[in-house]
1. Could you identify the single residue in Gly85, Gly99 that is small (Gly, Ala, Ser), open to solvent by less than 80 Å² (accessible area, probe 1.4 Å) and either in contact (Cβ under 8 Å) with a residue 12 or more places away in the chain or part of a helix (DSSP H, G or I) (or both)?
2. Filter the range 139-173 for residues that are buried (at least 22 other Cβ atoms within 10 Å of the Cβ) and either on the phi > 0 side of the Ramachandran plot or of a type in the set (Val, Ile, Thr) (or both) and give the result.
3. Looking at the range 56-80, I want the residues that are without any contact (Cβ under 8 Å) to a residue 12 or more places away in the chain and have a partner that is in a loop (DSSP other than H, G, I, E, B) with Cβ atoms under 7 Å, at least 6 apart or on another chain. Which pairs are those?
4. Looking only at the range 33-53, which residues are under 19 Å from Pro105 (Cα atoms) and without any contact (Cβ under 8 Å) to a residue 12 or more places away in the chain?
5. Please work out which residue is farthest from Leu147 (Cα to Cα), limiting yourself to the range 162-199 and to residues that are touching a residue at least 12 places away in the same chain (Cβ under 8 Å) and outside any helix (DSSP H, G or I).
6. I'm told Ala53 meets every condition in (1) assigned to a helix (DSSP H, G or I); (2) modelled with pLDDT of 95 or more except one. Can you identify the failing condition by its number?
7. What do you reckon, is Ala24 open to solvent by less than 60 Å² (accessible area, probe 1.4 Å), more than 16 Å from Ser88 (Cβ to Cβ), of a type in the set (A, V, I, L, M) and in contact with a Lys or Arg (Cβ under 9 Å, 6 or more places away or on another chain)?
8. For the range 55-63, indicate whether the set of residues that are over 21 Å from Ala142 (Cα atoms) and under 12 Å from the mean Cα position of the chain (by Cα) is non-empty.
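The values are calculated or read from the model by the stated rules, or taken from the named source; none is laboratory data. These figures come from a predicted structure and were not determined experimentally. Every residue, glycine among them, receives a Cβ derived from its backbone with ideal geometry; neighbour counts consider all protein chains shown. Protein only, heavy atoms only, side chains kept; ligands, DNA and RNA dropped before computing areas. Shrake-Rupley method; radii C 1.70, N 1.55, O 1.52, S 1.80 Å.
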Amino acid sequence: MLGRIAARQGEPARAAAAFARTRALALAGVPDPFGLAVASYGEEARLHLDAAAALPPDPPAPVAASLEAATELYAQQALRGSASGVQSLRMVAERVLGGDAPADPALLRAAVAQPLLQRVLVAYVMARGQDDPGTPPAALAALADALQADGVTPAAPDRIAALCYRLGRYDLAARLVAQARGPLAAWVPAKLALQPGDM
């Protein structure tokens with residue numbers, strides 16, 4: 001409650017300290033029957049979302065950094081079994097990818113430079129693609145464009161390669177999969193080989 005009060009009073013540093021103290025107390029063995037320690041991850045993440053909303057859109061890097069900080073906290077919350085953390089990660093992805101509107105290319109390029117946020121974005125478009133695999137969503141195309149920007153290091157090259165294959169961006173898929181290991185990294189070259197009839 002001290003953290004929430006501080007947040008409402010416009011004191012994010014004091015709020016974050018209170019949320020961190022909640023987690024420290026729970027880790028030290030203080031009873032937490034209402035799950036406040038797990039909830040505090042989401043409360044602290046909201047501070048970063050509010051900071052991102054208050055920033056000007058240009059330059060986009062500070063906005064993306066605030067979204068990455070929120071993503072890290074929501075991921076911690078989700079890892080501890082919170083459905084709210086999972087839904088919050090989805091909302092962050094939708095915010096970056098534009099939801100029903102086209103994504104802001106500058107923000108998307110800045111976002112994919114953040115490793116965890118990039119992984120969340122890729123997981124989100126992969127999950128959405130399962131709903132209608134025959135028609136890749138516009139978000140997928142926008143994400144693929146952003147991942148080709150100079151200086152962007154793919155955090156999950158096998159997944160991104162599979163997404164690019166679905167989009168028909170075979171050269172990019174082949175380039176990315178060369179950096180990857182795992183089942184998807186074997187699947188993409190196999191699909192690429194089948195195109196010219198290389199059984």
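1. None of the others qualify; the one that does is Gly85.
2. Ile160
3. Once the first residue is without any contact (Cβ under 8 Å) to a residue 12 or more places away in the chain and sits in the range 56-80, its partners that are in a loop (DSSP other than H, G, I, E, B) give Pro62/Leu55.
4. Selection gives Ala53 alone.
5. Looking at the filtered set, the residue picked out is Gln195.
6. Ala53 satisfies all of (1) assigned to a helix (DSSP H, G or I); (2) modelled with pLDDT of 95 or more except (2).
7. no
8. No - not one qualifying residue is present in the range 55-63.
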